[in-house]
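The structure appears below as structure tokens.
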Amino acid sequence: MYKKPIIVFEGIEGSGKTLHINSVSNYLKKRNLSYIKIREPGGSINSEKIRKLILNNKSNFNNNTDLLLYMAARSENINLIKKHYKKKIILIDRFIDSTIAYQHYGMGVDLPIIKKINDYLIEGLDVNFTFLNIVNQKNMKFRLKKRKKLNRYDLFNYRFYKKVQSGFLKIAKKNKKKYQIVDSNIEIKVNKEIIIKKVDGLIR
């Protein structure tokens, strides 16, 4: 469908999105396919600096500041994405829809403001496909407990994550052709196979 697509992995904390993007990355590497992998916030040198600020447990930003910091991190990534757009497969761990799910549905920031800044920054870049990883409360808490270190966004109450995940599902419902929901409560091996099969179809 798309030879050099932008493929995004979305989901709340503990949903398995990073595990699956790493799995796809390893698969592409084994096939000697040209790709880049970035994360948000992060991905480029300056964006990684902003990431440390956002996720630091001692940070205590208001919701608007959080939004602007995430957008600043994205701004630092845009040149990197544009450089490889349609030249390499681009894998992104969180992107535009995370901002809408967390900052709008989770924190109540005005949606038109988020969309306006996003549109200005991405300047017509198209995400070709998104894998939305969903997780229940029990598995999310279990996975977070296994982490050696928790960042600021790992420490919200479950009501917040529930609102965010509900927001993701609303976004996915509006974009069914470009979204695949991955139930991360089932066996990891099954989901890996489902995702790799879909990726194969996207890059042919």
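Just so you know, all these numbers are worked out from the coordinates, no wet-lab data involved. All of these numbers come straight from a predicted model, not from anything done at the bench. Positions of Cβ are backbone-derived with ideal geometry, glycine not excepted, and every protein chain shown enters the neighbour counts.
Would the range 85-141 count as rounded, prolate or oblate if I go by the C-alpha gyration tensor, calling it rounded below 1.5 in a/c and otherwise prolate when a/b exceeds b/c, oblate otherwise? Here the range 85-141 falls in the oblate category.
Taking GluC sites (Glu not before Pro) in DSSP loop states with no more than 14 other Cβ atoms inside 10 Å as exposed sites, the chain has its longest site-free stretch at 1-122. Rounded, prolate or oblate, given the Cα gyration tensor of the range 22-131, with a/c below 1.5 counting as rounded? Judged from the Cα gyration tensor, the range 22-131 comes out prolate (a/c at least 1.5, a/b above b/c).
If the Kirkwood radius is taken over C-alpha pairs of the range 137-194, then at 20 °C and 1.002 mPa s the Stokes-Einstein diffusion coefficient equals 160 µm²/s. Neighbour counts of C-beta atoms inside 10 Å place ILE6, ILE36 in the sequence ILE36, ILE6, starting with the fewest. Longer than 21 Å from Cα to Cα, which of LYS145/LYS173; LYS52/LYS149; LYS86/LYS178; LYS37/LYS86; LYS37/LYS87; LYS17/LYS189 are they? Say none if no pair is. Checking Cα-Cα distances, LYS145/LYS173 exceed 21 Å.
Between ASN56 and ILE36, residue separation times 0.36 nm minus the direct Cα-Cα distance comes to 4.6 nm. Applying a DSSP loop filter and a limit of 14 other Cβ atoms within 10 Å to the trypsin sites (Lys or Arg not before Pro) in the range 1-76 leaves LYS3, ARG31, LYS58. Just want the answer: with Cβ charges of +1 for Lys and Arg and -1 for Asp and Glu, which residue in LEU80, ASN185, SER44 is farthest toward the dipole's positive end in the chain? Checked the options; the winner is ASN185. The Stokes-Einstein estimate for the chain, based on a Kirkwood radius over Cα pairs and taken at 20 °C with 1.002 mPa s viscosity, is a diffusion coefficient of 124 µm²/s. Qualifying trypsin sites (Lys or Arg not before Pro) in the range 117-150, where qualification requires a DSSP coil assignment and no more than 11 other C-beta atoms within 10 Å, comprise ARG147, LYS148, LYS149. In this rough spin-label picture, where each label sits 7 Å from Cα along the Cβ direction, the ARG204-ASN175 distance is 2.4 nm.
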